[in-house]
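The values are calculated or read from the model by the stated rules, or taken from the named source; none is laboratory data. Just so we're clear, the structure is a prediction, and the values are computed from it rather than from any experiment. Neighbour counts are summed over all protein chains in view; Cβ atoms, including those assigned to glycine, are modelled from backbone coordinates with ideal geometry.
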Amino acid sequence: MRHSMRAAVAALLCCATPVMAAEIHVQDPVPFNDAAIIAENIKAECRMGAQLATALGKNAPAHGNTIVFGSDPVNTGSGHVLKLELVEAQSAGNAFIGHFKSAAARGVLFENGQQVATVTARRVSRGGAFAGFKGSCDVLERTVNAIGNDLAIWLAKPVDGARLGDL
């Protein structure tokens, strides 16, 4: 009987988890900050904003959240909203001499118009395995994939002023 009760409670909690999950609204693609100094070729050729949004959306459910995307800038006045911007993208090196890429994003989490927390996440990559066969955008996308995962973990328990990744 005792084990049956534990099993019933465990089953109930498993089924209730999706109901308790927050829906967080994010712009897709994540825009570049207007004041950021980012090379135009990175903005034009790489899909960093779309890749960051995809990585965040893919990783958030594992941490109890669902990301709802919209193509317009997010309305911070209602619900859970993460206003996210790419604030850095550096692309030094190449496949022949070695990659050195980095990206950073800043976000502000709002709940019903009230600022809850801020976050800055940065990642650096040298390209990983088989870097010599990867282009610059591929390596930059590795950095935003990692940032998306970092942000998904942070959204589960947001801490104001958090610095994630390689900061």
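Does Val26 qualify as being at pLDDT 95 or above, out of contact with any Ser or Thr (no Cβ under 6 Å at 6 or more places or on another chain) and part of a loop (DSSP other than H, G, I, E, B)? Steps first, answer last, please.
Numbers: at pLDDT 95 or above: yes; out of contact with any Ser or Thr (no Cβ under 6 Å at 6 or more places or on another chain): yes; part of a loop (DSSP other than H, G, I, E, B): no.
Taking the combined requirement at face value, the residue does not satisfy it.
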Notebook entry, point to check: Out of (1) farther than 19 Å from Asp34 by Cβ; (2) free of Cβ contacts under 8 Å to residues at least 60 places away in the same chain; (3) of a type in the set (Lys, Arg), the odd one out for Lys58 is which?
Noted result: (2)
Next item on the list: Mind counting the residues in segment 38-56 that are assigned to a loop (DSSP other than H, G, I, E, B) and in contact with a strand residue (DSSP E or B) (Cβ under 8 Å, 6 or more places away or on another chain)?
Entry: 3
